[in-house]
């Protein structure tokens, strides 16, 4: 999924839970393994949900505690 089929500037983009649901429900644009695509606008929600669902912390806390603080950033 390289992008969403909704307008790029919409108020819902500021609602994390709703956007995570929208990204999860977005249908495939092509059959897996047949094309390559990258969605700069969807990457944050996908990575953030992956972190939250596997680690339990939100992405902001995870990045701060696991990356920034240990490296003095």
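Quick note: the coordinates plus some simple rules give every number you see, no bench work behind them. Predicted model, so just to flag it, every value in this text is computed and none were measured.
Determine the gain in length on full extension of the stretch residue 63-residue 5; use 0.36 nm per residue of separation and subtract their C-alpha separation, reporting nm with one decimal.
18.0 nm
Could you work out [θ]222 nm for the chain from helices alone, using -39500 (n - 2.57) per DSSP H run of at least four and dividing by all its residues? Round to the nearest 500 deg cm²/dmol.
Estimated from H runs of four or more residues: -12500 deg cm²/dmol.
If you take the Cα atoms of the chain, find Rg, then find the Kirkwood Rh from the mean of 1/r over all pairs, what is Rg/Rh?
In the chain, Rg relative to Rh is 1.04.
Averaging sequence separations of C-alpha pairs under 8 Å and six or more residues apart, then dividing by the length of segment 11-71, give the relative contact order as a whole percent.
About 23 percent, as a whole number.
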